[in-house]
Amino acid sequence: MQAMDGKALAAEIRTGLADTIRKLKEQTGRVPGLTVVIVGEDPASRGYVRSKHKTASELGINSRILELPETVAPARLIDEIHNLNQDGDVHALLVQLPLPGGMKTWEILNHMDPEKDVDRFLPVNLGRIMLNETSLFPCTPAGILALLDRYRIEVTGMNAVVVGRSFIVGKPIAAMLTNRNATVTICHSKTRNLDALVGEADLLVAAIGRAGFITADMVKPGAVLIDVGTNYLHDREEVEKHCSPIQKKRFEKKGYGIAGDIERAAYEKAAHHTPVPGGVGPMTVTMLMANTVELFKRQLNSS
Ligand code: GUN
(Lines give C-alpha, C1' and ligand atoms only; values in the text may rest on other atoms or scores of the structure.)
Protein backbone atom coordinates (compact mmCIF):
# COMPACT_ATOMS: atom_id res chain seq x y z
CA MET A 1 0.00 0.00 0.00
CA GLN A 2 2.38 2.61 -1.27
CA ALA A 3 1.14 6.21 -1.42
CA MET A 4 1.94 7.95 -4.71
CA ASP A 5 3.28 11.34 -3.66
CA GLY A 6 1.95 13.86 -6.17
CA LYS A 7 3.12 16.78 -4.12
CA ALA A 8 6.75 15.65 -4.28
CA LEU A 9 6.63 14.77 -7.99
CA ALA A 10 4.91 18.06 -8.80
CA ALA A 11 7.64 19.98 -6.93
CA GLU A 12 10.35 18.13 -8.88
CA ILE A 13 8.69 18.80 -12.23
CA ARG A 14 8.25 22.49 -11.36
CA THR A 15 11.93 22.84 -10.52
CA GLY A 16 12.78 21.42 -13.95
CA LEU A 17 10.28 23.74 -15.64
CA ALA A 18 11.65 26.84 -13.91
CA ASP A 19 15.10 25.88 -15.17
CA THR A 20 13.85 25.30 -18.73
CA ILE A 21 12.04 28.64 -18.72
CA ARG A 22 15.16 30.44 -17.52
CA LYS A 23 17.27 28.86 -20.26
CA LEU A 24 14.71 29.60 -22.96
CA LYS A 25 14.63 33.21 -21.81
CA GLU A 26 18.42 33.44 -22.07
CA GLN A 27 18.35 31.94 -25.56
CA THR A 28 15.36 33.81 -27.02
CA GLY A 29 14.70 36.81 -24.76
CA ARG A 30 11.15 35.56 -24.44
CA VAL A 31 9.10 33.74 -21.80
CA PRO A 32 5.99 31.56 -22.13
CA GLY A 33 2.68 33.42 -21.82
CA LEU A 34 -0.42 31.91 -20.22
CA THR A 35 -3.78 33.68 -20.12
CA VAL A 36 -6.68 32.32 -18.12
CA VAL A 37 -10.14 33.66 -18.89
CA ILE A 38 -12.65 33.50 -16.05
CA VAL A 39 -16.28 34.49 -16.36
CA GLY A 40 -18.31 35.21 -13.22
CA GLU A 41 -17.72 34.90 -9.51
CA ASP A 42 -17.82 31.16 -8.72
CA PRO A 43 -15.58 30.93 -5.61
CA ALA A 44 -14.16 27.48 -6.40
CA SER A 45 -13.24 28.52 -9.96
CA ARG A 46 -11.68 31.74 -8.69
CA GLY A 47 -9.59 29.72 -6.25
CA TYR A 48 -8.34 27.41 -9.03
CA VAL A 49 -7.50 30.38 -11.24
CA ARG A 50 -5.57 32.10 -8.43
CA SER A 51 -3.59 28.93 -7.85
CA LYS A 52 -2.74 28.63 -11.58
CA HIS A 53 -1.65 32.28 -11.68
CA LYS A 54 0.51 31.95 -8.57
CA THR A 55 2.26 28.81 -9.78
CA ALA A 56 2.82 30.22 -13.28
CA SER A 57 4.25 33.48 -11.93
CA GLU A 58 6.60 31.61 -9.60
CA LEU A 59 7.99 29.64 -12.55
CA GLY A 60 8.67 32.74 -14.62
CA ILE A 61 5.67 32.38 -16.94
CA ASN A 62 4.02 35.60 -18.05
CA SER A 63 0.66 34.83 -16.44
CA ARG A 64 -2.41 36.95 -17.01
CA ILE A 65 -6.01 36.60 -15.89
CA LEU A 66 -8.85 38.07 -17.91
CA GLU A 67 -11.85 38.48 -15.63
CA LEU A 68 -15.24 39.04 -17.20
CA PRO A 69 -18.58 39.53 -15.43
CA GLU A 70 -21.21 36.81 -15.37
CA THR A 71 -23.40 39.09 -17.50
CA VAL A 72 -20.87 39.35 -20.35
CA ALA A 73 -22.43 38.84 -23.77
CA PRO A 74 -21.16 35.65 -25.46
CA ALA A 75 -20.17 37.76 -28.51
CA ARG A 76 -17.88 39.90 -26.32
CA LEU A 77 -16.29 36.81 -24.78
CA ILE A 78 -15.71 35.40 -28.27
CA ASP A 79 -14.13 38.73 -29.34
CA GLU A 80 -11.76 38.54 -26.39
CA ILE A 81 -10.79 34.98 -27.35
CA HIS A 82 -10.11 36.10 -30.95
CA ASN A 83 -7.86 38.88 -29.61
CA LEU A 84 -5.94 36.42 -27.44
CA ASN A 85 -5.58 34.06 -30.42
CA GLN A 86 -3.83 36.91 -32.27
CA ASP A 87 -1.64 38.00 -29.35
CA GLY A 88 1.93 36.80 -29.94
CA ASP A 89 2.74 37.01 -26.22
CA VAL A 90 -0.02 34.50 -25.38
CA HIS A 91 1.17 31.00 -26.15
CA ALA A 92 -1.28 29.17 -23.89
CA LEU A 93 -4.91 30.01 -23.35
CA LEU A 94 -7.69 28.52 -21.28
CA VAL A 95 -11.24 29.38 -20.36
CA GLN A 96 -11.99 28.27 -16.82
CA LEU A 97 -14.99 25.94 -16.64
CA PRO A 98 -17.82 25.73 -15.91
CA LEU A 99 -19.06 28.81 -17.73
CA PRO A 100 -22.09 30.51 -16.17
CA GLY A 101 -25.41 28.81 -16.84
CA GLY A 102 -26.91 29.70 -20.18
CA MET A 103 -23.56 29.94 -21.98
CA LYS A 104 -22.96 27.08 -24.36
CA THR A 105 -19.49 25.74 -23.54
CA TRP A 106 -18.54 24.56 -27.02
CA GLU A 107 -19.94 27.63 -28.80
CA ILE A 108 -17.33 29.53 -26.80
CA LEU A 109 -14.39 27.09 -26.59
CA ASN A 110 -14.46 26.32 -30.30
CA HIS A 111 -13.29 29.89 -31.01
CA MET A 112 -9.94 29.19 -29.36
CA ASP A 113 -6.89 28.57 -31.54
CA PRO A 114 -6.35 24.80 -31.05
CA GLU A 115 -2.58 25.35 -30.99
CA LYS A 116 -3.02 27.58 -27.90
CA ASP A 117 -5.51 25.23 -26.21
CA VAL A 118 -3.42 24.43 -23.14
CA ASP A 119 -6.16 22.22 -21.62
CA ARG A 120 -6.18 20.11 -24.83
CA PHE A 121 -9.98 20.01 -24.68
CA LEU A 122 -10.80 21.14 -28.21
CA PRO A 123 -12.21 18.48 -30.52
CA VAL A 124 -9.10 18.35 -32.71
CA ASN A 125 -6.86 17.90 -29.68
CA LEU A 126 -9.04 15.23 -28.06
CA GLY A 127 -9.15 13.62 -31.53
CA ARG A 128 -5.34 13.53 -31.66
CA ILE A 129 -5.42 11.66 -28.33
CA MET A 130 -7.95 9.16 -29.67
CA LEU A 131 -5.64 8.59 -32.65
CA ASN A 132 -2.54 8.30 -30.42
CA GLU A 133 -0.96 11.11 -32.44
CA THR A 134 0.07 13.51 -29.68
CA SER A 135 2.18 13.78 -26.55
CA LEU A 136 0.16 16.69 -25.13
CA PHE A 137 -2.73 15.77 -22.86
CA PRO A 138 -5.34 17.44 -20.65
CA CYS A 139 -3.72 18.35 -17.35
CA THR A 140 -5.30 15.90 -14.89
CA PRO A 141 -4.88 12.85 -17.18
CA ALA A 142 -1.31 13.97 -17.93
CA GLY A 143 -0.66 14.13 -14.18
CA ILE A 144 -2.01 10.61 -13.75
CA LEU A 145 0.33 9.22 -16.43
CA ALA A 146 3.27 11.05 -14.87
CA LEU A 147 2.48 9.46 -11.49
CA LEU A 148 2.16 5.99 -13.07
CA ASP A 149 5.52 6.48 -14.77
CA ARG A 150 7.21 7.71 -11.62
CA TYR A 151 6.07 4.62 -9.70
CA ARG A 152 6.96 2.38 -12.66
CA ILE A 153 3.43 1.08 -13.03
CA GLU A 154 3.15 -0.63 -16.41
CA VAL A 155 -0.51 -0.75 -17.43
CA THR A 156 -0.22 -3.06 -20.45
CA GLY A 157 -2.77 -5.83 -20.09
CA MET A 158 -4.33 -4.39 -16.94
CA ASN A 159 -8.07 -4.11 -16.50
CA ALA A 160 -8.42 -0.35 -16.05
CA VAL A 161 -11.75 0.97 -14.83
CA VAL A 162 -12.45 4.69 -15.13
CA VAL A 163 -15.42 5.93 -13.11
CA GLY A 164 -16.61 9.23 -14.61
CA ARG A 165 -16.99 10.21 -18.26
CA SER A 166 -16.16 13.93 -18.38
CA PHE A 167 -14.14 15.34 -21.29
CA ILE A 168 -11.82 16.83 -18.64
CA VAL A 169 -10.73 13.52 -17.09
CA GLY A 170 -12.72 10.34 -17.81
CA LYS A 171 -12.79 10.26 -21.59
CA PRO A 172 -9.21 11.37 -22.24
CA ILE A 173 -7.65 9.14 -19.56
CA ALA A 174 -9.63 6.19 -20.95
CA ALA A 175 -8.16 6.83 -24.40
CA MET A 176 -4.66 7.36 -23.01
CA LEU A 177 -4.76 4.10 -21.02
CA THR A 178 -6.09 2.29 -24.10
CA ASN A 179 -3.12 3.68 -26.05
CA ARG A 180 -0.89 2.16 -23.36
CA ASN A 181 -2.50 -1.22 -23.95
CA ALA A 182 -4.74 -1.41 -20.90
CA THR A 183 -8.20 -2.93 -21.28
CA VAL A 184 -10.42 -0.01 -20.35
CA THR A 185 -13.98 0.16 -19.06
CA ILE A 186 -15.68 3.52 -18.54
CA CYS A 187 -18.37 3.60 -15.85
CA HIS A 188 -20.78 6.42 -15.04
CA SER A 189 -23.97 7.22 -13.19
CA LYS A 190 -26.09 4.88 -15.35
CA THR A 191 -23.71 1.91 -15.18
CA ARG A 192 -25.31 -1.33 -14.02
CA ASN A 193 -23.23 -3.57 -11.83
CA LEU A 194 -20.73 -0.89 -10.89
CA ASP A 195 -19.53 -2.96 -7.94
CA ALA A 196 -18.73 -5.97 -10.09
CA LEU A 197 -16.88 -3.87 -12.69
CA VAL A 198 -14.86 -1.98 -10.08
CA GLY A 199 -14.08 -5.31 -8.42
CA GLU A 200 -12.29 -6.42 -11.63
CA ALA A 201 -10.10 -3.31 -11.78
CA ASP A 202 -6.33 -3.74 -11.58
CA LEU A 203 -6.21 0.03 -12.05
CA LEU A 204 -9.07 2.21 -10.86
CA VAL A 205 -9.44 5.89 -11.77
CA ALA A 206 -12.17 7.53 -9.71
CA ALA A 207 -13.32 10.89 -11.08
CA ILE A 208 -16.84 11.23 -9.80
CA GLY A 209 -16.83 14.10 -7.31
CA ARG A 210 -18.53 12.32 -4.41
CA ALA A 211 -16.63 11.66 -1.20
CA GLY A 212 -16.08 7.99 -0.45
CA PHE A 213 -18.20 6.85 -3.40
CA ILE A 214 -15.86 3.89 -4.03
CA THR A 215 -15.93 1.80 -0.88
CA ALA A 216 -13.21 -0.55 0.34
CA ASP A 217 -15.33 -3.65 -0.22
CA MET A 218 -15.60 -2.82 -3.96
CA VAL A 219 -11.84 -2.75 -4.56
CA LYS A 220 -9.75 -5.67 -5.82
CA PRO A 221 -6.84 -6.58 -3.51
CA GLY A 222 -3.55 -5.37 -5.00
CA ALA A 223 -5.20 -2.76 -7.25
CA VAL A 224 -3.71 0.62 -8.15
CA LEU A 225 -6.10 3.35 -6.96
CA ILE A 226 -6.02 6.77 -8.62
CA ASP A 227 -8.32 9.22 -6.85
CA VAL A 228 -9.16 12.36 -8.82
CA GLY A 229 -11.77 13.57 -6.32
CA THR A 230 -11.18 16.78 -4.38
CA ASN A 231 -14.37 17.06 -2.35
CA TYR A 232 -14.75 19.95 0.08
CA LEU A 233 -16.78 18.74 3.06
CA HIS A 234 -18.40 21.17 5.47
CA ASP A 235 -20.54 18.76 7.48
CA ARG A 236 -18.95 17.35 10.66
CA GLU A 237 -20.41 13.89 10.19
CA GLU A 238 -19.13 13.71 6.61
CA VAL A 239 -15.71 14.96 7.67
CA GLU A 240 -15.56 12.33 10.44
CA LYS A 241 -16.50 9.62 7.96
CA HIS A 242 -14.28 10.50 5.02
CA CYS A 243 -11.34 12.70 6.01
CA SER A 244 -7.77 12.00 7.14
CA PRO A 245 -6.70 13.11 10.64
CA ILE A 246 -4.99 16.18 9.12
CA GLN A 247 -8.16 17.13 7.25
CA LYS A 248 -10.19 16.68 10.43
CA LYS A 249 -7.90 19.22 12.07
CA ARG A 250 -8.34 21.54 9.11
CA PHE A 251 -12.10 21.27 9.56
CA GLU A 252 -11.77 22.41 13.19
CA LYS A 253 -9.70 25.42 12.09
CA LYS A 254 -11.22 26.37 8.77
CA GLY A 255 -14.65 24.78 8.66
CA TYR A 256 -13.95 22.35 5.83
CA GLY A 257 -11.98 19.20 5.15
CA ILE A 258 -10.96 17.66 1.81
CA ALA A 259 -11.72 14.03 0.90
CA GLY A 260 -11.37 11.89 -2.20
CA ASP A 261 -13.83 9.73 -4.12
CA ILE A 262 -12.28 6.54 -2.71
CA GLU A 263 -12.91 5.46 0.86
CA ARG A 264 -9.66 5.68 2.83
CA ALA A 265 -10.06 2.13 4.15
CA ALA A 266 -9.52 0.91 0.55
CA TYR A 267 -5.87 2.04 0.65
CA GLU A 268 -4.98 -0.96 2.82
CA LYS A 269 -6.12 -3.34 0.09
CA ALA A 270 -4.27 -1.51 -2.68
CA ALA A 271 -0.75 -1.93 -4.06
CA HIS A 272 -0.56 1.82 -4.73
CA HIS A 273 -2.92 4.71 -4.12
CA THR A 274 -2.95 8.46 -4.59
CA PRO A 275 -3.77 10.29 -1.34
CA VAL A 276 -6.26 13.16 -1.20
CA PRO A 277 -5.04 15.81 -0.91
CA GLY A 278 -1.47 15.48 -2.20
CA GLY A 279 -1.91 12.93 -5.00
CA VAL A 280 -3.43 13.88 -8.34
CA GLY A 281 -4.38 17.43 -7.28
CA PRO A 282 -0.89 19.01 -7.22
CA MET A 283 -0.07 17.29 -10.52
CA THR A 284 -2.91 19.00 -12.40
CA VAL A 285 -1.64 22.57 -12.06
CA THR A 286 1.92 21.38 -12.67
CA MET A 287 0.98 19.70 -15.94
CA LEU A 288 -0.76 22.91 -16.99
CA MET A 289 2.61 24.61 -16.58
CA ALA A 290 4.36 21.82 -18.52
CA ASN A 291 1.80 22.17 -21.35
CA THR A 292 2.34 25.95 -21.37
CA VAL A 293 6.08 25.50 -21.80
CA GLU A 294 5.58 22.93 -24.56
CA LEU A 295 3.19 25.22 -26.48
CA PHE A 296 5.70 28.06 -26.13
CA LYS A 297 8.47 25.88 -27.61
CA ARG A 298 6.24 24.81 -30.48
CA GLN A 299 5.28 28.39 -31.28
CA LEU A 300 8.90 29.56 -31.10
CA ASN A 301 9.81 26.87 -33.61
CA SER A 302 6.98 27.76 -35.97
CA SER A 303 7.54 31.55 -35.99
N1 GUN B 1 -12.65 23.26 -14.49
C2 GUN B 1 -12.32 22.17 -13.75
N3 GUN B 1 -11.19 21.59 -14.22
C4 GUN B 1 -10.79 22.36 -15.26
C5 GUN B 1 -9.68 22.28 -16.14
O6 GUN B 1 -8.83 21.37 -16.08
N7 GUN B 1 -9.61 23.26 -17.09
C8 GUN B 1 -10.55 24.24 -17.20
N9 GUN B 1 -10.40 25.14 -18.18
N10 GUN B 1 -11.58 24.34 -16.40
C11 GUN B 1 -11.70 23.40 -15.43
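Check which residues have an amide H placed less than 5 Å from Val37's amide H, if you skip close sequence neighbours. The answer is Leu66, Leu94, Val95, Gln96. Under 26 Å of direct C-alpha separation, and excluding same-chain neighbours fewer than eight residues apart, Lys253 reaches these lysines: Lys7, Lys52, Lys54, Lys241.
Note on region 188-213 and region 269-303: Cα centroid distance 24 Å, given to the nearest whole angstrom. Couplings 3J(HN,Hα) of region 131-137, computed from phi: 7, 6, 10, 8, 10, 9, 10 Hz, in residue order, whole Hz [Karplus 6.51 cos²θ - 1.76 cosθ + 1.60, θ = phi - 60°; x for Gly and Pro]. Across region 176-181, rounded Karplus estimates of 3J(HN,Hα) from the backbone phi angles (6.51 cos²θ - 1.76 cosθ + 1.60, θ = phi - 60°) give 5, 6, 4, 5, 8, 6 Hz, Gly and Pro being marked x. Less than 5 angstrom separates the built amide H of Lys220 from those of Ala201, all sequence-distant by 5 or more or on a different chain.
When the dipole is taken about the Cα centre of the chain, and only Lys, Arg (+1) and Asp, Glu (-1) are charged at their Cβ, what size is it in debye, to the nearest 20? Intermediate results must be reported in sequence, preceding the final value.
Working: 36 positive and 35 negative charges, 85 e Å.
Here the chain has a charge dipole of around 400 debye.
Note: relative contact order over the chain, using C-alpha pairs below 8 Å and six or more positions apart, is 22 percent. Under 5 Å between amide hydrogens, built in the peptide plane, is the criterion, and for Met4 it picks out His273, Thr274 among residues at least 5 positions away or on other chains.
Once all protein chains are placed together, His273 keeps about 10 Å² accessible to a 1.4 angstrom probe. In straight-distance terms, cross-link reach from Lys220 covers every one of the aspartates and glutamates whose alpha-carbon lies under 14 Å from its own, apart from those fewer than eight places away in the same chain; here that gives Asp195, Glu200, Asp202, Glu263, Glu268. On a 0 to 90° scale, report how tilted helix 280-302 is relative to the longest principal axis of the chain, with both axes built from alpha carbons and the result rounded to the nearest 10. Its long axis makes an angle of about 30 degrees.
Counting only residues at least eight positions apart within a chain, or on another chain, the aspartates and glutamates with an alpha carbon under 16 Å from that of Lys25 are Glu58, Asp89, Glu294. Considering only beta bridges that DSSP places wholly inside the chain, some 10 percent are antiparallel.
To the nearest 10 degrees, how steeply does helix 139-150 sit against the main Cα axis of the chain, on a 0 to 90 scale? It works out to around 60 degrees.
Can you send over the carbon and sulfur percentage of the accessible area for the chain, probe radius 1.4 Å, protein chains only? In the chain, the share of accessible area belonging to carbon and sulfur is 51 percent.
Rolling a 1.4 Å probe across the protein heavy atoms gives the chain an accessible surface of 48 Å² per residue.
For Ile78, Ile129, the ranking by accessible surface with the largest value first comes to Ile78, Ile129, using a 1.4 Å probe.
Placing unit charges on each Cβ (+1 for Lys and Arg, -1 for Asp and Glu) gives the chain a dipole about its Cα centre, and among Leu77, Pro138, Thr286 the Cα reaching farthest toward its positive end belongs to Thr286.
The values are calculated or read from the model by the stated rules, or taken from the named source; none is laboratory data. Please read all numbers here as calculations on a predicted model, not as lab measurements. With ideal geometry, Cβ positions are generated from the backbone for all residues, glycine too; neighbour counts draw on all protein chains shown. Note: areas computed on protein heavy atoms with side chains; ligands, DNA, RNA excluded. Shrake-Rupley method; radii C 1.70, N 1.55, O 1.52, S 1.80 Å.
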